[in-house]
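Comments concern the structure below.
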Amino acid sequence: MSDQTSNQMWGGRFAAGPDAIMEAINASIGYDQRLAAQDVAGSRAHAAMLAKQGIISDNDAEAIREGLLTVLSEIEGGEFAFSTALEDIHMNVEARLKEIVGEAAGRLHTARSRNDQVATDFRLWVRDQLDAAETGLVALMKALLGQAEAGADWVMPGFTHLQTAQPVTWGHHMMAYVEMFSRDLSRVRDARKRMNESPLGAAALAGTGFDIDRHNTAEALGFDAPMANSLDAVSSRDFALEFLSVASISAMHLSRMAEELVIWSSAQFRFVTLSDRFSTGSSIMPQKKNPDAAELIRAKIGRIFGANVALMMVMKGLPLAYSKDMQEDKEQVFDAADNWMLALAAMEGMVKDMTGNKPVLEAAASSGFSTATDLADWLVRETGLPFRDAHHVTGSLVAMAEKKGCDLPDLTLEDMQSVHGNIDASVYDVLGVHNSVASRMSYGGTAPEQVRKQVARWKEVLG
């Protein structure tokens, strides 16, 4: 096959032939330019350490330091011309540094490799994202606490199988998500602690013969220690996988809450009203108010799950140490991080702005025989029936109420005694939904008193 025929098959984009294809598949500058700040920080720490160890002169180190700040300023100001021919952010920065400071730039790469350089940059970037996630989760938890405190004694239906089960309080439901997101917060903090070791100084894979001080650069970059094995330092991406795993679990929680907000804001439920800031109208139906922010959170979560699986597949078959496959780690993490942070911010905004419809919630809590379990419990306590027998009696009473087209509290005492003669008028004390929730005083229960205790505890924890 002729080169001309091959070029036609590749299409116009690669009309220059194999060189163009190789440049396109090899270059990562299109996305890893996001590591610019981390790359400059790592290089500044490395240069300072080299000077401290007498490996380069103080004058060269100072020139490098000032030059790197100029490069970063150009990048942040949008004045930097990135080149795909230079492949990645590291080579782009170094090439521009050479233009600025001359020969001294060539000494920066002493005692390091792009392998430990990119591993360091990427760890620093992921660490920053974990810090941002911590901030976002805390803000969301505080928004939920605000809702829980305001509606600690509002009654609403609790569901299993999306069927009315037992009455709960609005505050209790909000606090369930506080607990979920608190575990996400714990995972974020655990992941950050585990990944906070520095690969810098591992060089290509075997370390270096230069008398470097890896503890110095680790401390300068805010790491707890240098990584203890140079092969592991350049090979490992489990810190990125753990980030994606933590993000995926948190995203799942966000999606579950988004699903509830979609349902609750529907005309059929009317449990909540979402603010106009997080809703849109219909182009054709003027009555519509669509929960688009919640729906988009629910949809974007798939991208985070997908990134987790994709990077797992990249890493699963790689021998030690570095392989070019690992260049495929960043796009997945970048996209997942963007969508996780956006989803956290959008959910916080929706929770802060949403308004619970207290009368509708209470009416819904009273329907669907939601106090049937309270009736069964009363039969056990007051008449001495075994729970299984009490369950059967209650089921018969529910069937009677269904046939009459009423709820349990609407049955007459005569109706109830026709099923079990020992029922007396005090049974009505447990059949109201407010009585029901107030009685759930076990630790972690839905009683308003318990909800307020949990709110107070979390307010103290979060500050």
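If residue 436 satisfies every condition in (1) assigned to a helix (DSSP H, G or I); (2) over 24 Å from residue 152 (Cα atoms) but one, which is the exception?
Residue 436 satisfies all of (1) assigned to a helix (DSSP H, G or I); (2) over 24 Å from residue 152 (Cα atoms) except (2).
Could you list, in sequence order, the residues of segment 1-41 that are farther than 28 Å from residue 78 by Cα and at pLDDT 70 or above?
Within segment 1-41, just 19 meets the criteria.
How many residues does segment 126-163 hold that are among the aromatic types (Phe, Trp, Tyr) and either surrounded by 21 or more Cβ atoms within 10 Å (Cβ to Cβ) or closer than 16 Å to residue 186 by Cα (or both)?
Total meeting the criteria: 1.
Only one residue in 326, 400, 347 is crowded, with 16+ Cβ neighbours inside 10 Å and either within 30 Å of residue 88 (Cβ to Cβ) or of a type in the set (Gly, Ala, Ser) (or both). Which one?
326
Can you work out which of the residues in segment 360-386 that are in contact with an Asp or Glu (Cβ under 9 Å, 6 or more places away or on another chain) and outside any helix (DSSP H, G or I) is modelled with the lowest pLDDT?
Going through the qualifying residues, I end up with 368.
Taking segment 164-189, which residues are polar (S, T, N, Q) and either at pLDDT below 95 or open to solvent by 10 Å² or more (accessible area, probe 1.4 Å) (or both)?
164, 166, 182, 186
Does residue 424 satisfy the condition of being of a type in the set (D, E, K, R) and surrounded by 15 or more Cβ atoms within 10 Å (Cβ to Cβ)?
No: the conditions fail for residue 424.
When you go through (1) of a type in the set (S, T, N, Q); (2) surrounded by 13 or more Cβ atoms within 10 Å (Cβ to Cβ); (3) free of Cβ contacts under 8 Å to residues at least 12 places away in the same chain one by one for residue 38, which number turns out not to apply?
The number of the failed condition is (3).
Which pairs do you get when a residue that is farther than 13 Å from residue 39 by Cα and among the hydroxyl-bearing types (Ser, Thr, Tyr), found in segment 73-94, comes within reach of a residue that is in a loop (DSSP other than H, G, I, E, B) and open to solvent by less than 70 Å² (accessible area, probe 1.4 Å), reach meaning Cβ atoms under 8 angstrom, with the pair 6+ apart or on two chains?
If the second residue must be in a loop (DSSP other than H, G, I, E, B) and open to solvent by less than 70 Å² (accessible area, probe 1.4 Å), the pairs left are 84/27.
If the Cβ limit is 6 Å and pairs must be 6+ apart or interchain, which residue in segment 114-126 that is within 13 Å of residue 46 (Cα to Cα) pairs with which residue that is hydrophobic (A, V, I, L, M, F, W, C)?
Final answer for the pair search is 116/200; 116/202; 116/203; 116/234; 120/200; 121/35.
Which ones in segment 148-204 are in contact with an Asp or Glu (Cβ under 8 Å, 6 or more places away or on another chain) and of a type in the set (Phe, Trp, Tyr)?
Passing the criteria: only 154.
The values are calculated or read from the model by the stated rules, or taken from the named source; none is laboratory data. Since we're looking at a predicted model, the values are computed, not measured. Cβ atoms come from the backbone with ideal geometry, glycine included; neighbour counts cover every protein chain shown. Remember, those area values only see protein heavy atoms, side chains included, never the ligands or the DNA or RNA. Shrake-Rupley method; radii C 1.70, N 1.55, O 1.52, S 1.80 Å.
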